[in-house]
Structures are given as C-alpha cells and as structure tokens.
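Student: Structure incoming, see below.
The values are calculated or read from the model by the stated rules, or taken from the named source; none is laboratory data. Remember, predicted model here, so these are calculated numbers, not experimental data. Cβ atoms come from the backbone with ideal geometry, glycine included; neighbour counts cover every protein chain shown. Note: accessible area is taken over every heavy atom of the protein model, side chains too, but ligands, DNA and RNA are not part of it. Shrake-Rupley method; radii C 1.70, N 1.55, O 1.52, S 1.80 Å.
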Amino acid sequence: MKPHTPDSSARAALIIVLVFVLLWEGGVRLFSVPVYLLPAPSTILLTLAQNASMYAQATLLTVGEALAGLLLGVLAGVIIAVLLTLVPHIEAGVMSLAIMIKSTPLVAIAPLLTLWLGFGVLPKIIITALLTFFPVLVNVISGLQRVDGALLDLFRSWRASRWKLFLYLRLPSAVPYIFAALKISAPLAITGAVVAEWTGASGGLGRVMWLAYANLNLPYLFAPIVILAAIGISLYRLLAHAERRLVFWLPSSTVE
Amino acid sequence: MDLTVSCLSHVYPGRKTRPALEAVDFTVPSGQFVALVGPSGCGKSTLLRLIASLIQPTAGRIEIDGGLTPSQAAAAQHIAWMSQSPALLPWLTARDNIAILRRVLPEGTRLRLSPDEALSMVGLEAAAEAYPFTLSGGMQQRLALARLLTLDSSLWLMDEPFAALDELTRERLSQDLLELWQPLRPTVLWVTHNIYEALRLANRVLVFTPQPGRIAADIDVPLPYPREEADPAFQQVLLQVRQALSLNRNQYEAAHA
Ligand SMILES: Nc1ncnc2c1ncn2[C@@H]1O[C@H](COP(=O)(O)OP(=O)(O)OP(=O)(O)O)[C@@H](O)[C@H]1O
Ligand SMILES: [Mg+2]
C-alpha cells in the first residue's frame, strides 16, 4: 500500500471529482437529457465562460458579504464566549438567547430583514453573522473551559490571577477549537449570503440564481453552484493550512 | 521551611461516608526530605493538594514556616508543586515554558534562576528551542523540574513526579534530583509507590493506612548519601517500611472482611 500523504489524497480527490464529472457528461449525452432538466458540465462551463464578467461581479459581492458576516459572527462569538468565561453566572441566560436565535429558521428571518433594511448588503451580512456566530460561541466556550486539569492546578499553585490564567492558559487552549468552529462556520457563511440574496437583493450569486430559476434557465443556475463549490473548497483548504501552522502541537485534524 | 499538620481531615463533597484523610498529625523540620508511601487511594495526593492550598480541608490545621496558612505561604511563593504529569504548555518552547513564570507570577516575585540557567541545571540546554511534544517523557519531566527549580521556594510538594517514566530514567532523574536538593535543602514531601526510591532519597518515610488515610508509621532513614541497596542498614529500614505497609494492609483486610 502507498503511504497516505496529503499529496496523494489530494490526487485521489481530484480523480473522484473527474470521474463524477465524466459520468455526468456521459449520462446527459447518452440519454439526451433536455437542458431544462439537467445541463451537462460542458454546457455549464460554457455559460460560465461566456458570462465571466457578470459572474465575477456577482461572486465578488457574495463573497464580500459572506466574509463580512463571518468576521462579524466570529468576533461576536469569541467576545461573548470570553465574557461568559470571565463572568460565569450570566452563562445560562446568554446561552438560552443564543439557542433561541440559532433555532429561528433562516427562511423566516431573511425576508424580514430585507423588509426592514432593504435590498442592500446589510441584511445579508447580518444573516450571515447570525448563522456563523453560534458554532463559534459553542466551540470557543468549550475551548476556554476544557483546559487540561494538571495545567490548571499548576497555574493555581502559582496563584496566577484570573486574567493571567485566561491570557496564558485558557485563550491559547481555545485556538484549536476556534479552528474547528471556523471550519463549520466558513461554509455556512457562503450559504447564508446566497440564501439571503435569494430572498431579495440587487446583486450577487443568490440573485443570479433566483433569476435563472424564475426563467428555468438551468445552465445559468448551475454555473454559480460550480463557483460556490470552488469557493467552499478554497476556504476550507486555506483554513486547514492556517490551522496546521498555528496549532502545530496537535496532530492534524483536517482531512485534505 | 518547617511544616506542621495537625488533626487534618478531608472529606470530598458527595463522599461523606468515605473521608480521604482522617486526623493526620505530623511535623516536618526545615530541610527534611520526607517520602509519603501508602496504598492507592489513601489520600497522599489529597494531602499535597491541601498543603498547596489547591483545596481546603474540612477540618484541622496546616502551618508553614512557623504560622503561615497554606494560602499565605503560596501567595508568598514559598511552595512549589509538581505532579506526575509534566503540565507543560504545548505551544511554548522549553525555554518559554520556564520564562512564562515571569509573566504569570505576581509582579515582583523573586526567581532563583534564569530560564537558561534552569535548563542547564537539568541538562536540557540543547533543547531550549524545542517544543514539548518533540521531547521524550523523561525530558518533559526534567523541564518541569527546571521550572520548579526556577521558583524561589523552600517547600517542594512532589506527587509521584517520575511515576510515569521507565525504571531506568526514573532512577537517573531521582539521583539528579537528590544532587539538586542537597545544596538548596528545601523541605520536600515526596509521594511514591516505590519503596526503594523512597529509601534512596528520603530522610524519613511516612507510611499511610488505606483509606481513610492516617499515619501508620513514621520511620527515620538515618543513612548517608549515596545509599547502597546492598547495605545491611538499608535492608533493615526497607524491612521496617515493608512491615508497616503489610501490617496495615492486614489490619484493613481484617476490618473489611
Ligand atoms: N476530586 C475528588 N472528588 C471526590 N473524591 C476524590 C477526589 N479526589 C480524590 N478523591 C478520593 O479521595 C481518596 C484519596 O484520593 P487521593 O488521590 O488523595 O489518593 P492517593 O493516595 O493519591 O492515591 P494514588 O496513590 O492512587 O495516587 C480516594 O478514595 C479518591 O477516590
Ligand atoms: Mg495520588
């Protein structure tokens, strides 16, 4: 058996994707599937190439909204987690509020926000932030609180102040958990921005997809999916790379 | 630094029927090396954690340095505590794991050594830039020892510090520890399951009964260093400790039959 290196598994992933695309292309051609049901990969790529600048513009907007919302969600999640760790008796109250927000379906909030805030980018950023903040909050709280017992005892034997305990032990212990959260939240951010645009926007991939859907123009609808998949994979790999650099003391937890 | 423990008892919350320690009394003069031995679960770690003021006793008193409470003594950085786990910060290099003391300890705390001096005392100068996960278990425990030496403390509470290491490494480390102890002469409480280790290191052995822990025997070890296991005097003390341990095991079994 060959050793399982990141390189060889990347190659394997590429081969799996290629086989999938070839089967799809072959199937569509073999059974002459009409384009209004399922376009072939070649048709989708052609649409993508012919409308490159339109898609590029929409992608920029969507990714911008997603990243802004993710940043906001991560900041909010980390800050609230830190507050809850430093002031533990408010935890129950804040957590039930967070779970309430988390349990409200996105499809219910998105149109409301559009109604209140219009078709601009702000409601998209807010929805993305709401969607991404919960995994960050939960993970960072675990990270800050699940500190190695022997280390905790050691810091206590040194009479470290609460603040120093936080800064030199709890916070660094939480870094791996922040990455775990980001790997969940980053794809969510993209989904959030697209769904928010779908419910009413002046631009972005979600808007393009909604228009294509309304006209039953499937190649136009599928092209953004290809773009979104590429963005999702790139984001994930970027995070995995950053994780390996920053959390060097743990064995890699990322499948690549 | 002397230590007086009087009528010390500890019951963990939710374990009312089984105290961990019951009415423990002993006095340790400054500079003595005391080994604590006893069956598993008899409360040795609990005793050390009480003295380090990591937990509060349910009854009894502990006086350190002629009248300080454990928490006053700890606040004055008189106490250094070390356990079986090296408890190193994985994101810091060996040197930084010691240098962090400067930042974590209260402002103005005196330290005995610089990080590099401490590393060279335990023979780790070449590993200063290494991260803990790249060090062997023995080296990690040496690093923890270097960190302990850096503290300017005169009461060392050591809870089976080398128990997770193999026999050979463990013997070498305890020999090194003895050499570091002799010039500094801190008071040491050393928990161990290894009677030979206890007798190679300690001036005195306190044998505990099974849970609830009480002192079953207080045995002097009036032998010069370095100690030879083949020495008849060594064998004699060994026999004494063995007898105290098996005696109280028999009593325990009789009581619980
Ligand atoms: N945090 C805790 N909560 C409840 N019970 C505890 C706790 N820590 C220890 N105990 C109990 O107190 C008793 C004494 O425990 P302790 O760890 O002091 O024993 P020990 O002598 O150090 O044992 P060993 O030699 O196995 O390390 C045991 O019965 C143990 O189960
Ligand atoms: Mg123990």
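Student: Taking the condition touching a residue at least 40 places away in the same chain (Cβ under 8 Å) and more than 14 Å from chain B (Cβ to nearest Cβ), does residue A:246 pass?
Tutor: Criteria not met by residue A:246.
Student: Let me ask something else. List every residue pair whose Cβ atoms lie under 6 Å apart, where the two residues are 6 or more positions apart in sequence or sit on different chains, the first residue falls within segment B:85-110 and is within 11 Å of chain A (Cβ to nearest Cβ) and among the aliphatic types (A, V, I, L, M), and the second residue, located anywhere, is surrounded by 15 or more Cβ atoms within 10 Å (Cβ to Cβ) and part of a loop (DSSP other than H, G, I, E, B).
Tutor: Matching pairs, first to second residue: B:104/A:158; B:104/A:160; B:105/A:158.
Student: Consider residue A:135 carefully, then state whether it is within 12 Å of another protein chain (Cβ to nearest Cβ), open to solvent by less than 30 Å² (accessible area, probe 1.4 Å) and within 17 Å of the chain's Cα centre (by Cα).
Tutor: No; evaluated as a whole, the condition is false for this residue.
Student: Restricting to segment A:169-201, give me the number of residues that are within 14 Å of chain B (Cβ to nearest Cβ) and over 21 Å from residue B:79 (Cα atoms).
Tutor: Residues meeting the conditions: 10.
Student: Considering each of B:181, B:156 in turn, give the residue that is in a helix (DSSP H, G or I) and not charged (D, E, K, R).
Tutor: Working: B:156 fails: in a helix (DSSP H, G or I).
Exactly one of B:181, B:156 is in a helix (DSSP H, G or I) and not charged (D, E, K, R), namely B:181.
Student: Shifting gears a bit: Name the residues in segment B:24-44 that are away from ligand 1 (no atom under 12 Å from the Cβ) and buried (at least 21 other Cβ atoms within 10 Å of the Cβ), would you?
Tutor: Filtering segment B:24-44 for residues away from ligand 1 (no atom under 12 Å from the Cβ) gives B:25-35.
Within segment B:24-44, B:28, B:33, B:34, B:35 qualify.
Student: Looking only at segment A:23-53, count every residue that is touching a residue at least 40 places away in the same chain (Cβ under 8 Å) and open to solvent by 70 Å² or more (accessible area, probe 1.4 Å) and tell me the total.
Tutor: Residues flagged as touching a residue at least 40 places away in the same chain (Cβ under 8 Å) and open to solvent by 70 Å² or more (accessible area, probe 1.4 Å) within segment A:23-53 amount to 5.
Student: May I pose another question? Somewhere in segment B:50-73, is a residue touching a strand residue (DSSP E or B) at 6+ places or on another chain (Cβ under 6 Å), of a type outside the set (Gly, Ala, Ser) and under 18 Å from residue A:169 (Cβ atoms)?
Tutor: No.
Student: Now for a separate question. Report the residue count in segment A:139-165 for those that are surrounded by fewer than 16 Cβ atoms within 10 Å (Cβ to Cβ) and in contact with a helix residue (DSSP H, G or I) (Cβ under 6 Å, 6 or more places away or on another chain).
Tutor: Within segment A:139-165, residues that are surrounded by fewer than 16 Cβ atoms within 10 Å (Cβ to Cβ) and in contact with a helix residue (DSSP H, G or I) (Cβ under 6 Å, 6 or more places away or on another chain) number 1.
Student: Being under 26 Å from residue B:139 (Cα atoms) and surrounded by 15 or more Cβ atoms within 10 Å (Cβ to Cβ) is true for just one of B:93, B:109. Which residue is that?
Tutor: Among B:93, B:109, only B:93 is under 26 Å from residue B:139 (Cα atoms) and surrounded by 15 or more Cβ atoms within 10 Å (Cβ to Cβ).
Student: Of the residues that sit in segment B:199-217 and are part of a strand (DSSP E or B) and either within 12 Å of ligand 1 (Cβ to nearest atom) or within 17 Å of the chain's Cα centre (by Cα) (or both), which one is modelled with the lowest pLDDT? Talk me through it step by step, then tell me what you get.
Tutor: Of segment B:199-217, the ones part of a strand (DSSP E or B) are B:204-208, B:213, B:215-217.
Going one step further and asking which of them are either within 12 Å of ligand 1 (Cβ to nearest atom) or within 17 Å of the chain's Cα centre (by Cα) (or both), we end up with B:204-208, B:213, B:215.
Details: B:204: 96, B:205: 97, B:206: 96, B:207: 95, B:208: 94, B:213: 88, B:215: 93.
So, considering only residues that are part of a strand (DSSP E or B) and either within 12 Å of ligand 1 (Cβ to nearest atom) or within 17 Å of the chain's Cα centre (by Cα) (or both), the one modelled with the lowest pLDDT is B:213.
Student: Within the bounds of segment B:69-77, is there any residue that is of a type outside the set (Ser, Thr, Tyr), away from chain A (no Cβ under 11 Å) and either touching a helix residue (DSSP H, G or I) at 6+ places or on another chain (Cβ under 9 Å) or within 25 Å of residue B:172 (Cα to Cα) (or both)?
Tutor: no
Student: Now for a separate question. Could you say whether any residue in segment A:192-201 is among the hydroxyl-bearing types (Ser, Thr, Tyr) and either surrounded by fewer than 18 Cβ atoms within 10 Å (Cβ to Cβ) or not in a loop (DSSP other than H, G, I, E, B) (or both)?
Tutor: no
Student: If only one of B:47, B:21 is away from chain A (no Cβ under 14 Å), closer than 24 Å to residue B:200 by Cα, in contact with a strand residue (DSSP E or B) (Cβ under 9 Å, 6 or more places away or on another chain) and within 16 Å of ligand 1 (Cβ to nearest atom), which one is it?
Tutor: B:47
Student: Go through the residues of segment B:111-126 one by one and say whether even a single one is within 12 Å of chain A (Cβ to nearest Cβ), within 17 Å of residue A:155 (Cα to Cα) and in contact (Cβ under 8 Å) with a residue 40 or more places away in the chain.
Tutor: Yes, some residue in segment B:111-126 is within 12 Å of chain A (Cβ to nearest Cβ), within 17 Å of residue A:155 (Cα to Cα) and in contact (Cβ under 8 Å) with a residue 40 or more places away in the chain.
Student: A further question on this structure: Which of the numbered conditions does residue B:12 fail, given that it passes all the others? Conditions: (1) under 30 Å from residue B:131 (Cβ atoms); (2) free of Cβ contacts under 8 Å to residues at least 40 places away in the same chain; (3) within 16 Å of ligand 2 (Cβ to nearest atom).
Tutor: Here residue B:12 meets the rest and fails (1).
Student: Among what's in segment B:147-164 and is away from ligand 2 (no atom under 16 Å from the Cβ) and away from chain A (no Cβ under 14 Å), pick the residue that is farthest from residue B:54 (Cα to Cα).
Tutor: B:149
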